[in-house]
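The values are calculated or read from the model by the stated rules, or taken from the named source; none is laboratory data. The structure presented is a predicted model; accordingly, all values stated were derived computationally and were not measured. Backbone-built Cβ (ideal geometry, glycine too); neighbour counts: all protein chains shown.
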């Protein structure tokens, strides 16, 4: 059987590429860490891969807003002066590939217009802005997977416990109508929940940024493009858990997300 090839981006402030690639490797994929400049120049073709991973970090230092400058590059740069890089992204999606954006990578997918996708593809109708707390949040959060979500990365999952570390994670849409539509379609794939009620919450610190409806992750209508603020790659071994000595199970929950992506790609793209 062939290899599931994963392109893990790095450069310009991304700083979680190693652990993201490691998570994919643990799940049986063949990850390659590629500098963004190699893609922008045309040296590396994204259409040669099955999965694209945009890790967390601080793209361009967040000086012009989280991931905004990099989103502009993807939308405007031309490969070897010939055709827009955006065309390669569209071809990749047409081929059935998967895309995941984590934290800053999620911000990039939203600002590029890859999320929420569908009739909004290529348009910026949502954003991730400053936390309501007004500060950087570094903590573990309880998460609930939306029951009707088409998200391939979350298939078969119910609840997760993952770390967040961000200063701009509050998800907002252009208007309430868009948010309602995304909820009805199951695109609000992952929610912050209260650990006792198990319901989506706005209560701090269980919701670390104030996202309406507790939005922690978003997918497109196909379920093949997924962005989330929590860091699943930071829970790639059971000892990453803050209470690992008391755990009854040795499962690293973050890996479940990557395993779903690899398994689906192996079944559908090879």
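Filtering the range 1-43 to residues that are surrounded by fewer than 17 Cβ atoms within 10 Å (Cβ to Cβ), closer than 19 Å to residue 75 by Cα and in contact with a helix residue (DSSP H, G or I) (Cβ under 9 Å, 6 or more places away or on another chain) leaves 42, 43.
Are any residues in the range 47-69 in contact with a strand residue (DSSP E or B) (Cβ under 9 Å, 6 or more places away or on another chain) and either more than 16 Å from residue 88 (Cα to Cα) or surrounded by fewer than 18 Cβ atoms within 10 Å (Cβ to Cβ) (or both), and if so, which ones?
If we filter the range 47-69 for residues that are in contact with a strand residue (DSSP E or B) (Cβ under 9 Å, 6 or more places away or on another chain), which is where we start, we get 48-59, 65-67.
Correct list: 48, 55, 56, 57, 58, 59, 65, 66, 67.
Checked against (1) surrounded by fewer than 19 Cβ atoms within 10 Å (Cβ to Cβ); (2) in a strand (DSSP E or B); (3) touching a helix residue (DSSP H, G or I) at 6+ places or on another chain (Cβ under 7 Å), residue 100 meets all criteria but (1).
Taking the range 125-144 as the range and being within 19 Å of residue 105 (Cβ to Cβ) and either without any contact (Cβ under 8 Å) to a residue 24 or more places away in the chain or part of a strand (DSSP E or B) (or both) as the test, the residues that pass are 126, 127, 128, 129, 137, 138, 141, 143. Please go through the range 74-87 and pick out each residue that is touching a helix residue (DSSP H, G or I) at 6+ places or on another chain (Cβ under 8 Å) and either crowded, with 17+ Cβ neighbours inside 10 Å or part of a strand (DSSP E or B) (or both). Of everything in the range 74-87, those that are touching a helix residue (DSSP H, G or I) at 6+ places or on another chain (Cβ under 8 Å) and either crowded, with 17+ Cβ neighbours inside 10 Å or part of a strand (DSSP E or B) (or both) turn out to be 74, 78, 79, 84, 85, 86.
Residue 145 satisfies every condition listed in (1) more than 18 Å from residue 55 (Cα to Cα); (2) modelled with pLDDT under 95 except (2).
In the list 156, 227, which residue meets the criterion of being surrounded by fewer than 17 Cβ atoms within 10 Å (Cβ to Cβ), within 22 Å of residue 53 (Cα to Cα) and touching a residue at least 40 places away in the same chain (Cβ under 8 Å)?
Details: 227 fails: surrounded by fewer than 17 Cβ atoms within 10 Å (Cβ to Cβ).
Answer to the check: 156.
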